[in-house]
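Computed from the coordinates by the stated procedures, all read-outs in this text should not be read as laboratory data. Quantities reported herein were computed from a predicted structural model and do not represent experimental measurements. Quick reminder, even Gly has a Cβ in these numbers, built from the backbone with ideal geometry, and neighbours come from all protein chains shown.
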Amino acid sequence: MTTPQTAVTARRPSRMTYYRLALATVGRGVFNAFNANKTSWVGLAIFVVVALLAILAPVIAPYDPLDQNILYRLKPPSEAHWFGTDYYGRDTLSRILWGARISLVIGLLAIGSAMIIGTLIGMVAGYFGGRTDLLIMQVMDVLLAFPSLILGLIVVAMLGPSITNLVIAISLTAIPPFSRIARAPTISIKNREFIEAGHALGYSHIRLMFRHILPNIAPEVLVMGSLWLATAIRVEASLAFIGLGVNPPTATWGGMIREGFENILDSFWLALFPSLAILIVVFSLNLLGDGLRDAVDPRLKGEE
Amino acid sequence: MTEPILTVDGLTTSFRVDKKWQPVVRDLDFTIDKGETVAIVGESGSGKSVTALSIMRLLQPGSSRIEGSVRLAGTDLLGLDEEAMRDVRGGDIGMIFQEPMTSLNPVLKIGFQIAEVLRRHRGMDAAAAEAEVLRLFDLVRIPDAKRRLGEYPHSFSGGMRQRAMISMALACQPKLLIADEPTTALDVTIQAQILELVRELQKEIGMAVMFITHDMGVVAEISDRVVVMLRGDKVEDAAVNDLFAAPRHAYTKMLLGAVPKLGGLGDTKTPRRFPKLDADGAGPEPQNEPDTRGKTLLEVRNLTTRFTIRGGLLNRPVGNVHAVEDVSLTLAAGETLALVGESGCGKSTTGRSILRLVQPAGAEILFEGKDLMAAGHAELRVARRRLQMIFQDPYGSLNPRQAVGSAIAEPIRVHRLMDDEAIPDRVSELLNLVGLEAEHALRFPHEFSGGQRQRICIARSLALEPKVIVADESVSALDASIKAQVINLMLDLQRELGLAYLFISHDIAVVERVSHRIAVMLLGEIVEIGPRDAILRNPQHPYTKKLIEAVPIPNPAEKRKRGALLTDELKSPVRALDWVRPASRMYPVGEGHLVREF
């Protein structure tokens, strides 16, 4: 509920006060969605640990991820190298920690931009309806028809592998689902009376979309973002696995699995540990997102 | 004395809220005798529906708790096991609900659904059940019963569905019929038919009826005895004549004070406020408002709005809904013109068309001398500053994620009516004007009650300093006492600011309190328009007469002698593409009183 205000702001609330309050309701919407299903907290806890490890990689990684030591190549896990070493004698643990940075950066950037662009597209389609809707959504359907890996593959193959291009490729695959996610609640909200009241008060379409519809669909879209982050990380790893990831020798999880695959019979740990890393991150995000997804629909209904 | 059919003793129903038991009905006692109709009256949240659900034991067992005793003809219902209780539901007790649109299964034929009840509770075979359903349909006066048995619910109108629901409730010759707001969702003429039907059926079958309603007019029409509830407590239990003649409890007095009595204003010409209502009951009846009418502000000529129905394989137009046909009206400054009619008559579309929220097919809308139909986007935005609208649903017309102060400030900012610096003071001023506190600006709509939200909507409209407000069923969703307060506010604002209202409503009794003039709409056309007293005291068009006759009178002493039970229903305004409206004109019958040919 509203926090206690000082006497001055309570009497003459400024524009900023109202923006802050509106933002707080969106935050509360997301929080409620979170709190409705306790597994979300478990997923979040795991993900936060992973994110912290990635951020702190330069400090906590025991070795430089690119440092080669031919004398210690293909060593099994030991006290000096917890996760063993690879073909060039690089420390697997350090490479996994640094690889987490690449995966998370690409995933977050890609999903962040897809969320913004997709939400805009979906909101415009849903708000204006009719032919605009038909045209936009048919383009989105065409994009949706491609499996995301294939679409990413085509883009990276055309543009060449780099972090920027991977972000573009992955966000392109995630825009259509976000536009669908944003469109459905937009349609239900634009038929509510407060939008018609807005027309009667002489508000512009832009204002109605951004001030009145967006805050109401934002929790739903943000919640779905966590599920799609898992997909983005998986697609990035898959692209790296087939050799279309960030160029070696940069450490990426997909790339490490690919390299480990060549020696899978005698050095299983090379493929095992990065696979486990992907598993843990995707699992935590799915836990988080599934709980949230269950919460979003009934919550919106209950709020009416 | 024989035992009553239903004896409720010390009934307390609690819901589990935040791990605590919150009582919603407290220590309720009442009885219903054979052949008696007891009305349970109260405003929303008074626990009247929960009482019915408790008697039927239809509440979620985990989250609710029922204490006390409920005895139906000697059997303790609360002690029965679930299996035996299922025989009671639909067997000994029949129930009808408020929403006839959703209480029938849409994919099963109506006849089948009723026959199912007969087979379940009376063990009839298919042929006997069908014969019995036919008899029941005749009983509830569904015309052409044989054909209608095989139809699906969607081809039944609201009134017909409610009849079907009643026949289903009666299927097992229940000892008790529980009717939970059965007429609230229906039009007033249909309501009159259903009330008449329940009364006649009771005479024929002699069952006991528990009738839940919020409408004192309906209470006076149907009940023998009244139980008044307030926030879970019974505050009064009296015979209907005693209750209306001499209410004892302050809350009952207030409820009765908030009920407008049709015809109560006699031949006066101006609106009249509701008496002051507070914890002590109702104050004295106030004087009529002074006549504040000025010169004409809004003139609508030949307004026509149609919606195309598309269908078929190619989605071509197959027909038109003639929502508004050739409507002409004028509105002066400081005047209230009421637009009355039943659902689907086009009154809301008329209001929306005047603001051009829907695009009329043709019209001349002169507002302050300018034709709105010819106005471009920018001109229209300017015009909408002076021509505002208040909507029906106080829950839906505010953005749930926008603080109230922001909602009121937004129109001022959009139309650049004042500096940013001055806006907060103006917001406080507007909140005070509608009877709210400046501190409420920081709260969100869900923290307010329905009446308060409607005040917020009014404040938001007033922010633009409008001249005309279109109020589309603005008080219909509110409880009677709240309704009276909001209407008093609207009348105060009219006196102080010279506002003109186009007051769209289906509730003629309320319309009498607020309006100077009344226009009656039927199937998209205005069939009668004129000064209030002329329309109400000297109606000319048969539809106006029917409409006024159907309004329940909150006075059991004046219970109407009605004629034969009518079963006619409104026709539909859907027409074929090539339909040409037959020429008809309106002729004057008095000063400013026009009636359409019939």
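Here are a few things to note about the model shown:
- Projected over all directions and averaged, the alpha-carbon convex hull of segment B:373-427 occupies 4.9 nm².
- Once the Cβ-Cβ distance of B:GLU99 and A:LEU276 is raised to the sixth power relative to R0 = 56 Å, the FRET efficiency obtained is 0.55.
- Within the same chain, aspartates and glutamates fewer than 8 places from A:LYS75 are excluded, and of the rest, those with a Cα less than 20 Å from its Cα are A:ASP64, A:ASP67, A:ASP86, A:ASP91, A:GLU259, A:GLU262, A:ASP266.
- Cα gyration tensor of segment B:273-331 - equivalent ellipsoid semi-axes, whole Å, descending: 46, 22, 6
- Cα-derived Rg to Rh of segment B:60-194, Kirkwood definition: 1.00
- Database remark: amide H of B:ASP233 closer than 5 angstrom to the amide H of B:ARG26 (H placed geometrically; neighbours at sequence offset of 5 or more, or on other chains; Pro and chain starts carry no H).
- Two-site label geometry, A:ILE60 and B:PHE307: point separation in nm, points 7 Å out along Cα→Cβ: 6.0 nm
- Counting only other chain Cβ atoms within 10 Å of each residue's Cβ, the peptide B:384-393 averages 3.
- Each principal axis of the Cα atoms in chain A has its own extent, and those three values, largest first, are 77, 50, 30 angstrom.
- Cα Rg over Rh - chain B, Kirkwood: 0.98
- The C-alpha radius of gyration of segment B:335-441, expressed as a fraction of 2.2 N^0.38 Å, stands at 1.27.
- Folded to 0 to 90 degrees: helix B:110-122 orientation relative to chain B principal axis, Cα: 30 degrees
- For segment B:1-106, the spread of Cα positions along each principal axis, largest first, Å: 44, 39, 32
- Cα pair distances exceeding 22 angstrom across segment A:140-220, given as percent: 45 percent
- Within the shell of other residues whose beta carbon sits under 13 angstrom from the beta carbon of A:PHE128, the net charge comes to +2, with Lys and Arg scored +1 and Asp and Glu -1.
- Neighbour net charge for A:ALA100 - beta-carbon separation under 15 angstrom, K R +1, D E -1: +1
- For segment A:80-151, the pair-distance distribution built from all alpha carbon pairs, in bins 10 Å wide starting at 0, is 16, 27, 22, 15, 12, 7, 0 percent.
- For segment B:456-598, the spread of Cα positions along the three principal axes, ordered from largest to smallest, is 47, 44, 32 Å.
- Annotation: average projected area of segment A:179-275 is 8.6 square nanometres, based on the convex hull of Cα atoms across all directions.
- Within a straight-line Cα-Cα reach of under 17 Å, B:LYS467 can be paired with the following aspartates and glutamates, leaving aside sequence neighbours fewer than 8 residues apart in one chain: B:ASP291, B:GLU299, B:GLU335, B:GLU368, B:ASP371, B:GLU379, B:ASP492, B:GLU496.
- For the residues of A:187-197, the average number of beta carbons from a partner chain within 10 Å of their own beta carbon is 5.
- For chain A, built as a Gaussian network whose Cα springs stay under 10 Å, the top-fluctuating residue of A:ARG180, A:ARG131, A:ARG258: A:ARG131
- In straight-distance terms, cross-link reach from B:LYS545 covers every one of the lysines whose alpha-carbon lies under 27 Å from its own, apart from those fewer than eight places away in the same chain; here that gives B:LYS261, B:LYS269, B:LYS347, B:LYS483, B:LYS559, B:LYS561, B:LYS571.
- Above 51 Å, the calculated P(r) of the protein assembly as shown contains 33 percent of its Cα-Cα pairs.
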